[in-house]
Amino acid sequence: VEYGGMGIRANSVSPGPMGTELMHSWLDTMEGGAAAFAAQVPSGRLGTPEDIAVAAAFLATDEAFFINGVCLPVDGAVSALLASPRPGKPL
């Protein structure tokens, strides 16, 4: 807020479940593995490094000039799912 008038923006990217080697090794210890976990992500898959890179690159462009002071979730809508209670269904 303090430096926005000078064209300085402060944003962050909040990654969701990523299909990294470490994440896969952890998910492989669970019933159903990565496929069962990814099926619970609204987008239907785990994220990739490219998903994060595209979001960060966009925030660095002039097209994103009016975006300031936000935390951008790049999580396949996991945070939206958690923020949207559905009657009769446990989260």
Every residue from the stretch 14-36 that is in contact (Cβ under 8 Å) with a residue 40 or more places away in the chain and either loosely packed, with under 13 Cβ neighbours inside 10 Å or under 30 Å from E2 (Cβ atoms) (or both): S14, P15, G16
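Across the stretch 1-49, what is the total count of residues that are part of a helix (DSSP H, G or I), under 20 Å from C71 (Cβ atoms) and of a type in the set (D, E, K, R)?
Narrowing the stretch 1-49 to residues part of a helix (DSSP H, G or I): 4-6, 21-27, 33-38, 49.
If we keep only those that are under 20 Å from C71 (Cβ atoms) as well, we get 4, 49.
Restricting the remaining residues to those that are of a type in the set (D, E, K, R) gives none.
Within the stretch 1-49, residues that are part of a helix (DSSP H, G or I), under 20 Å from C71 (Cβ atoms) and of a type in the set (D, E, K, R) number 0.
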Give the residue that is surrounded by the fewest Cβ atoms within 10 Å (Cβ to Cβ), with candidates limited to residues of the stretch 37-73 that are under 17 Å from L27 (Cβ atoms) and touching a helix residue (DSSP H, G or I) at 6+ places or on another chain (Cβ under 7 Å). G44
Inspect all residues belonging to the stretch 74-91 and state whether any of them is of a type outside the set (A, V, I, L, M), open to solvent by 60 Å² or more (accessible area, probe 1.4 Å) and either in contact (Cβ under 8 Å) with a residue 40 or more places away in the chain or part of a helix (DSSP H, G or I) (or both). no
Matching residues in the stretch 39-71 (over 25 Å from G4 (Cβ atoms) and in contact (Cβ under 8 Å) with a residue 12 or more places away in the chain) number 10
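Among G88, G76, which is the only one that is at pLDDT 95 or above and out of contact with any Asp or Glu (no Cβ under 7 Å at 6 or more places or on another chain)? Spell out how you get there, then give the answer.
Working: G88 fails: at pLDDT 95 or above.
None of the others qualify; the one that does is G76.
The values are calculated or read from the model by the stated rules, or taken from the named source; none is laboratory data. Keep in mind the model is a prediction, meaning the values are calculated, not measured. Cβ coordinates were reconstructed from backbone atoms using ideal geometry, including for glycine residues, and neighbour counts include every protein chain displayed. Each accessible area value is taken on the protein alone, full model and side chains, heavy atoms only, with ligands, DNA and RNA left out. Shrake-Rupley method; radii C 1.70, N 1.55, O 1.52, S 1.80 Å.
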